[in-house]
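Remarks on the structure that follows.
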Amino acid sequence: MTETPKPAEGRKQQATARKHTALPKAQTLIEALPWLTRHHGKTVVIKFGGNAMIDEELKAAFAQDVVFLHHAGLKPVVVHGGGPQISKALDRHGIVSEFKAGLRVTTEDAMDVVRMVLAGQVQRELVGLLNQHGPLAVGLTGEDAHTITATKHQPRIEGELVDIGRVGEITEIDTGAIEALLADGRIPVVSSIARSQDDHHVYNVNADTAAAALAAALDAETLMVLTDVEGLYEDWPNSDEVISRLTASELEKLLPDLASGMVPKMEGCLHAVRNGVHTARVIDGRVQHSILLEIFTDEGIGTMVVPDGEKGETA
Ligand SMILES: Nc1ncnc2c1ncn2[C@@H]1O[C@H](COP(=O)(O)OP(=O)(O)O)[C@@H](O)[C@H]1O
Ligand SMILES: CC(=O)N[C@@H](CCC(=O)OP(=O)(O)O)C(=O)O
């Protein structure tokens, strides 16, 4: 006959069992320690693409990840897109969406819609989700405190300069407002609209380009671009082989062959690592907690771009 354990012994056994189930959790946290140590106190610019904002759960998980980084001692800055959301709103207004050189042809009327969707809808939603965790997020657009200044962008298509309306080319970044928010323990959430250096209107800026310019100007440790693919595919659309790591020069050689959405992303990554950012990554924003997965996996997920001559980090 087995003896019934005395109450004190029973409590001891329960505590031991709890310790055993908690151990793997502690090990998981320890695995993240090198990444967290390297990034402690550092600025991380995270670009959340409109195509990655596919459902409510995903957006809520994104907000949790960003808040986690904040509480872990990093300084996250969110730059958001909203391409599909803008196209839908333009459609409702009877305005046809047209892209040239990967950028939205933006008439004066379209610009009003772009601003309404980015600053009034997408940014508000992300700020709301982040602020469910405390008084953390503050939304702004590039217009605020001269954060992003631009002039008219005229891309060349087959050698000819093309007018694509109110699309801006960034000429200056003023990091003052963002740095003040970071110093105050807030999470800035930036919409990619720029003040104009030419007139009193505003410009539509591609959100990847805006995120990369901000990452460089803020001297960020890392630029993370969350999108709707696993990373940079080696031979898109014929294969789904993802390039896991490449240097700035290797990327520069690939740029002329890249298609549509990837062009501003990879140009942005190149700009960032050539201007002081240590790593730029393109990761799959459709995967829940993709930011934390990036931290907690040895090899990282997606595509990582590093400056030339740098071995780069492993995670
Ligand atoms: N080499 C490539 N690797 C991966 N995706 C590519 C590549 N070339 C073009 N793309 C396209 O780029 C898209 C991502 O850009 P985009 O649609 O602008 O997303 P986001 O809203 O996140 O900025 C992918 O869905 C894919 O269709
Ligand atoms: C000039 C230009 O093309 N601007 C983009 C801005 C939003 C954006 O870049 O959103 P994603 O990151 O979701 O693509 C646009 O109007 O769609």
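Annotations
- For the condition in a strand (DSSP E or B) and either touching a residue at least 40 places away in the same chain (Cβ under 8 Å) or of a type outside the set (D, E, K, R) (or both), Leu251 does not qualify.
- Checking every residue in the stretch 220-241 against the condition of being aliphatic (A, V, I, L, M) and away from ligand 2 (no atom under 15 Å from the Cβ) gives at least one match.
- Answer residue from the stretch 112-137, given it is outside any helix (DSSP H, G or I) and among the aliphatic types (A, V, I, L, M) and is surrounded by the fewest Cβ atoms within 10 Å (Cβ to Cβ) among those: Leu136
- Of all residues in the stretch 82-97, those satisfying the criterion of being open to solvent by less than 90 Å² (accessible area, probe 1.4 Å) and within 16 Å of ligand 1 (Cβ to nearest atom) are Gly82, Gly83, Pro84, Gln85, Ile86, Ser87, Ala89, Leu90, Ser97.
- Listed by first and then second residue, the pairs linking a residue in the stretch 118-129 that is within 17 Å of Val202 (Cα to Cα) to a residue that is at pLDDT 95 or above and assigned to a helix (DSSP H, G or I), with Cβ atoms under 8 Å apart and 6 or more places separating them unless they lie on different chains, are Leu118/Ile86.
- Gly165 being touching a helix residue (DSSP H, G or I) at 6+ places or on another chain (Cβ under 8 Å) and not hydrophobic (A, V, I, L, M, F, W, C): yes
- When restricted to residues that are away from ligand 1 (no atom under 16 Å from the Cβ), open to solvent by 20 Å² or more (accessible area, probe 1.4 Å) and not small (Gly, Ala, Ser), the stretch 266-285 contains 3.
- The stretch 254-265, subset part of a loop (DSSP other than H, G, I, E, B) and open to solvent by less than 60 Å² (accessible area, probe 1.4 Å), residue nearest to Ala220 (Cα to Cα): Gly261
- Of note, His80 does not satisfy the criterion of being more than 12 Å from ligand 2 (Cβ to nearest atom), under 27 Å from Ala183 (Cβ atoms) and in contact (Cβ under 8 Å) with a residue 24 or more places away in the chain.
The values are calculated or read from the model by the stated rules, or taken from the named source; none is laboratory data. Treat the numbers as computed from the prediction; the structure is a model and nothing was measured. Note that we place each Cβ from the backbone using ideal geometry, even for glycine, and neighbour counts take in every protein chain shown. The protein model used for the area step is the full one, side chains on, heavy atoms only, and it has no ligands, DNA or RNA in it. Shrake-Rupley method; radii C 1.70, N 1.55, O 1.52, S 1.80 Å.
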